[in-house]
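As C-alpha cells, the structure follows; a few thoughts come after it.
Derivation of every value follows stated rules applied to the coordinates shown; laboratory data play no part. This one's a predicted model, so the numbers in the text were calculated from it and none came from an experiment. Backbone-built Cβ (ideal geometry, glycine too); neighbour counts: all protein chains shown.
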Amino acid sequence: MNNSISVKIYHGYGHTHNLVVYGHAFKFRAKADQKYSNSLMVNIVHLFKLFVLKPYPFVKVRLSFYKQIVYQTTEYDGFFKFEWEALENITAGWHQVKVEVLGDNDEVLAMNTGSIYVPHITQYAFISDIDDTVMVSHSATIGRRLRELFIKNPRTRKTFPYAAAHYNLLALSHTDIDHPNPFFYVSSSEWNLYDYLVETFRFNKLPEGAFLLNQIKRWKNLIKTGKTGHEGKLMRVMRILDAFPNQKFVFFGDNSQQDPEIYSAIAIKYPKNIEAIYIRNIRPEKEEQTLELLEKVEAQQIHTCLFSTSQEAITHSEKIGLIGIKAS
C-alpha cells in the first residue's frame with residue numbers, strides 16, 4: 001500500500017433494499033490527531049490541518065459488505081458514494097463495511113473500515129441541522145463562526161442547554177432503549193469537520209446518528225467554511241426521506257440561514273411523511289418571516305414550533321404527545 005494514500009469512510013445508513021455509504025479518497029491528508037487543548041495555537045493548528053489535503057479524483061474504489069462486492073469511482077474531489085441492495089435481509093443495528101482504493105491493476109493502494117447503521121422499524125425518525133440548532137456556532141456571521149472554530153476544540157464547543165436532553169427523549173419516543181429512533185444530522189459544514197463534529201456530539205451525549213455534510217474544502221477556502229451548500233442540504237434531506245418512506249420524520253433547524261425555507265418546502269410537498277418541524281429562533285428579526293412559513297406548514301396538519309430554548313421545545317413535544325416525560 002501507498003502510505004500517503006488514504007480513504008475515509010463516514011457512517012452510512014439504510015435498510016436491506018437501500019444501503020448508502022459515503023467517503024473520500026485522498027492522495028494526501030495531514031495528520032490531525034486532536035489533543036483537546038485549551039491553547040489557542042494548538043486549536044488553530046489542528047483546525048488548519050483538517051483542511052490540508054489532496055483528494056484522489058477518478059480512482060476506483062471497492063466496497064466489501066459481508067459477501068457482497070461493489071465498485072465505484074471517486075468524483076473530481078475524491079468523494080464517493082456507494083448505494084446498493086443487500087442480497088440477504090439485514091438486521092437492525094451497526095454493520096461493518098470495508099473500502100479499498102485500487103490502482104490500475106486492481107492492486108490495493110489504501111484500505112479502511114467503516115460502519116453502516118440500519119435503524120429499527122420505529123414510528124419516528126429525526127433530521128436535525130447542527131450549527132445554531134444543536135451547537136452554538138454563529139453561522140450567520142463569518143467572523144464569529146470562525147472564532148468559535150479556532151478558539152475551541154470539540155469538547156469545549158457549547159451545545160444549547162437541554163438540547164441533548166430533548167434529543168435523547170426523542171430517541172426513545174414511542175419505542176424503547178433497545179430500538180431507538182434514528183437520527184440524521186444534516187449540515188452545510190464540510191466533510192473536513194466530520195470527526196470534529198462526531199466527537200462534539202459524543203462528548204455532549206447526543207444520540208448516535210449518521211452525519212451528512214457538505215463538499216470538502218481545501219485550506220485556501222477555510223475562511224468560507226459553512227457558507228455554501230444549502231441546495232445540497234435540501235437534496236440530502238430528500239434522500240433520507242426516500243430511503244425511509246414508512247417512517248414519520250421530525251425536522252429540527254434554526255432561522256439563522258435557510259432551514260425554515262428548506263423544511264417547509266419539503267413538508268408542503270410531502271405532508272404525509274412529516275410529523276413536526278422545530279425551528280430555533282436564533283434571529284428574532286426573522287421571527288415574523290419564519291412564523292409565516294410555519295403557518296403554511298400547519299395548514300397541512302403538521303405540528304410546528306418556533307422556540308428560543310430547548311425547554312420550550314420539550315414542552316411542545318410533550319403537548320403533542322411526541323414524548324411523555326420531562327427532562328431533568
Bridge type composition, the stretch 124-319 - antiparallel percent by DSSP, nearest 5 | 5
Global geometry of the stretch 6-118, whether rounded, prolate or oblate, following the gyration tensor of its Cα atoms and the 1.5 cut on a/c = oblate
Relative contact order computed over the chain (Cα-Cα under 8 Å; 6+ residues apart), in percent = 16
What is the sum of charges around E107, taking Lys and Arg as +1, Asp and Glu as -1, for the other residues whose C-beta is under 12 Å from the C-beta of E107?
-> -1
Projected convex hull area of the chain, Cα atoms, direction-averaged, in nm², equals 16.7
Computed FRET efficiency, Cβ-Cβ of Y36 and K98, R0 30 Å: what is it to the nearest 0.05?
-> 0.55
Length-normalised contact order for the stretch 6-118 - Cα pairs under 8 Å, 6+ apart - percent = 34
Using a Förster distance of 45 Å, the FRET efficiency for R155-E107 (Cβ separation, nearest 0.05) | 0.70
Antiparallel DSSP beta bridges within the chain, as percent of all bridges there, nearest 5 = 60
Let me have the relative contact order for the stretch 124-319, percent, based on Cα pairs under 8 Å that are six or more residues apart.
-> 23
Quick calc: nm separation of the 7 Å Cα→Cβ label points for E199 and Y66 -> 3.5
Principal semi-axes in Å for the stretch 124-319 [√(5λ), Cα gyration tensor, largest first] | 25, 19, 17
In the stretch 49-138, what trypsin sites (Lys or Arg not before Pro) fall in a loop by DSSP, with at most 14 other Cβ atoms inside 10 Å?
-> K67
In this structure, the FRET efficiency calculated for I268 and T16 from their beta-carbon separation, with R0 = 30 Å, to the nearest 0.05, is 0.45
Grab the DSSP H runs of the chain that are 4 residues or longer, score each as -39,500 (n - 2.57), total them, divide by all residues and round the 222 nm result to the nearest 500 deg cm²/dmol.
-> -8000 deg cm²/dmol
Span-like helix ranges in the chain, DSSP H, alpha carbon extent 18 angstrom or more, Kyte mean at least -1.0 = 230-243
Percent antiparallel among DSSP beta bridges with both residues in the stretch 6-118, to the nearest 5?
-> 95
